[in-house]
1. May I ask you to list the residues in region 47-72 that are surrounded by fewer than 18 Cβ atoms within 10 Å (Cβ to Cβ) and within 22 Å of ASP9 (Cβ to Cβ)?
2. Among LYS77, LYS85, LYS90, LYS121, which is the only one that is within 25 Å of THR231 (Cα to Cα) and either more than 26 Å from the chain's Cα centre (by Cα) or not hydroxyl-bearing (Ser, Thr, Tyr) (or both)?
3. Would you kindly identify the helices (runs of 4 or more DSSP H) lying entirely within region 103-154 that contain at least 3 residues that are surrounded by fewer than 19 Cβ atoms within 10 Å (Cβ to Cβ) and in the same structural domain as LEU205 (by TED's automatic domain parsing)?
4. When only residues in region 174-221 that are β-branched (Val, Ile, Thr) and outside any loop (DSSP other than H, G, I, E, B) count, which is farthest from LEU119 (Cα to Cα)?
5. Identify all residues within region 48-88 that are assigned to a loop (DSSP other than H, G, I, E, B) and within 20 Å of ALA24 (Cα to Cα); write none if there are none.
6. Which ones in region 105-150 are among the hydrophobic types (A, V, I, L, M, F, W, C) and farther than 18 Å from LEU179 by Cα?
7. Filter region 222-242 for residues that are outside any loop (DSSP other than H, G, I, E, B), among the basic types (Lys, Arg) and in contact (Cβ under 8 Å) with a residue 12 or more places away in the chain and give the result.
8. Could you tell me whether region 15-24 includes any residue that is modelled with pLDDT under 95, more than 19 Å from the chain's Cα centre (by Cα) and hydrophobic (A, V, I, L, M, F, W, C)?
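The values are calculated or read from the model by the stated rules, or taken from the named source; none is laboratory data. Since this is a predicted model, take the numbers as computed values, not measurements. FYI the Cβ positions are ideal-geometry reconstructions off the backbone, even for glycines, and counts take in every protein chain you see.
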Amino acid sequence: MPFTQKFLDYLALEKRYSLHTIKAYKADLSLLSDYLDEVYSTTINRANHSMIRSWLVHEINRGNSPRTVNRKITTLKSFYKFAVKEEAIKINPTLRLSSTKTSKSIPSFVTVDEMNKLLDKTIFTDDYTGKRDRLIVEIFYSTGIRLSELINIKFKDIDFSKKQLKVLGKRNKERIIPLTKELVNSLNNFTEIRNSMSVKNDSYLLLTDKGKKLNPTLVYKTMNKLISGVTSLKKTSPHVLRHTFATHMLNNGADLNVIKELLGHASLSATEVYTHNSIDKLKKVFNNAHPRA
């Protein structure tokens, strides 16, 4: 599928999509291509609206959630729009496709007490690995950044004098995040240990024990283990700490638009999902405080 590869190259080189997103797009197009070949004996650039709709129904029947199907629709719309632009096809077969309705899930988050336990009472080893892992927890919770953003932090991104961190988010969108005094101190202390290491690439802040750039799997497994030690939540991925950052900020009076900017969300609707947790807290306070509640 040479044209499909041209589209994927376009996503990587021009749109600057993440490797994770490109893999998802590639998988969607591969599934569609196989389905079209098996069911209709045709190719992806010859598909019409009814064929594509038939595939989406097939994906729903396979047990895919509305959210997953909507992501596949996004993939197809983007692909066929590009195909028309490149004159590979004349008619876009996805123009009449519409997304399915989805219910917004409430983000899971760690409580304040659990976070205090994680940072203050969890026993971290007194070596580079232990200090690095504790710093990772602190960075996630104090900044709300994504996993991909964390592993790409470079020394040049940290302004110790201004107490701020420059983050390169999705679509190469840059944002500045303030750093707490406690986190600045932790970064300073960690830097001394980090600089004493013999490394292959000294530009990145966080490294493996062997001096290489951190990989997502290592961080995921480490955070999963640490978070599981202080909470009974089913989801204990690093992203839970991003949810925790946003929820705690909102519960303590932070403006929703400020949280949006700190998280690097493209629209306010993505941030509004955290208001549910804030409303739950308001209800609890109301029920405990109002004489007739």
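1. ARG71
2. LYS121
3. Details: elements: 112-120, 128-143, 147-151.
Because the criterion is at least 3 residues that are surrounded by fewer than 19 Cβ atoms within 10 Å (Cβ to Cβ) and in the same structural domain as LEU205 (by TED's automatic domain parsing), the helices (runs of 4 or more DSSP H) in region 103-154 that meet it are 112-120, 128-143.
4. Looking at residues that are β-branched (Val, Ile, Thr) and outside any loop (DSSP other than H, G, I, E, B), I get ILE176.
5. ARG62, GLY63, ASN64, SER65
6. Step one: of region 105-150, the residues among the hydrophobic types (A, V, I, L, M, F, W, C) are 106, 109-110, 112, 115, 118-119, 123-124, 135-137, 139-140, 145, 147, 150.
Selection gives ILE106, PHE109, VAL110, VAL112, LEU118, ILE123, PHE124.
7. The initial filter retains those residues of region 222-242 that are outside any loop (DSSP other than H, G, I, E, B), namely 222-228, 238-242.
Now drop any that are not among the basic types (Lys, Arg), which leaves 225, 242.
Residue satisfying the conditions is ARG242 alone.
8. No, every residue in region 15-24 fails to be modelled with pLDDT under 95, more than 19 Å from the chain's Cα centre (by Cα) and hydrophobic (A, V, I, L, M, F, W, C).
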